[in-house]
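Heads up, the thing below is written out as structure tokens.
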Amino acid sequence: MTEELEEEVRRVLDALDQVEGMEDPVARARAVAQLLKDQPKRNKRLRQLRDQTVRDLREDGMPLRQIAEKVQVSLGTVQDILRGHTGTWSSRPRQGEQAPTAAEEAAQERPGE
């Protein structure tokens with residue numbers, strides 16, 4: 001990572017540490033609740049940004065191992081991104097099974113709707 005990038009990441013982590021260190025337990029709980037509420041959306045956006053970069057690097061002809069090193073993720077993560085796999089190992093289709101459609105995955109995320 002570049003020094004500037006490392007500093008930006010450090011600031012984000014420091015801000016999270018400050019929330020954890022808040023003395024007023026009610027204020028801390030409210031701040032944590034706000035963070036937890038926003039985090040799934042933020043994680044999805046951040047993952048999309050990372051995944052697009054991986055796909056762009058591959059389209060530019062960069063080898064998979066070099067992409068993994070550059071982005072600082074495992075080779076398996078790079079391969080999963082390029083295969084279009086998202087989710088956990090348990091949600092992967094077994095060999096010979098068809099992967100669920102985006103609509104089916106969305107329905108699994110919102111049971112009972």
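What residue, among those in region 1-55 that are of a type in the set (A, V, I, L, M) and outside any helix (DSSP H, G or I), is surrounded by the fewest Cβ atoms within 10 Å (Cβ to Cβ)? Explain how you work it out, then say what you get.
To start, the set of residues in region 1-55 that are of a type in the set (A, V, I, L, M) comprises 1, 5, 9, 12-13, 15-16, 19, 22, 26-27, 29, 31-33, 35-36, 46, 49, 54.
Subsequent filtering for residues that are outside any helix (DSSP H, G or I) retains 1, 22.
On the way: 1: 9, 22: 14.
The qualifying residue surrounded by the fewest Cβ atoms within 10 Å (Cβ to Cβ) is 1.
Report yes if residue 68 is more than 30 Å from residue 83 (Cβ to Cβ) and in a helix (DSSP H, G or I), otherwise no.
Working: more than 30 Å from residue 83 (Cβ to Cβ): no; in a helix (DSSP H, G or I): yes.
So residue 68 does not fit the description; no.
If only one of 39, 18, 95 is modelled with pLDDT under 95 and over 20 Å from the mean Cα position of the chain (by Cα), which one is it? Quick ask: steps written out before the conclusion?
Details: 39 fails: over 20 Å from the mean Cα position of the chain (by Cα); 18 fails: modelled with pLDDT under 95.
Answer to the selection: 95.
The values are calculated or read from the model by the stated rules, or taken from the named source; none is laboratory data. Since the structure is predicted, the reported quantities are computational estimates derived from the model, not experimental observations. In this analysis, Cβ positions are derived from the backbone assuming ideal geometry, glycine residues included, and neighbour counts consider all displayed protein chains.
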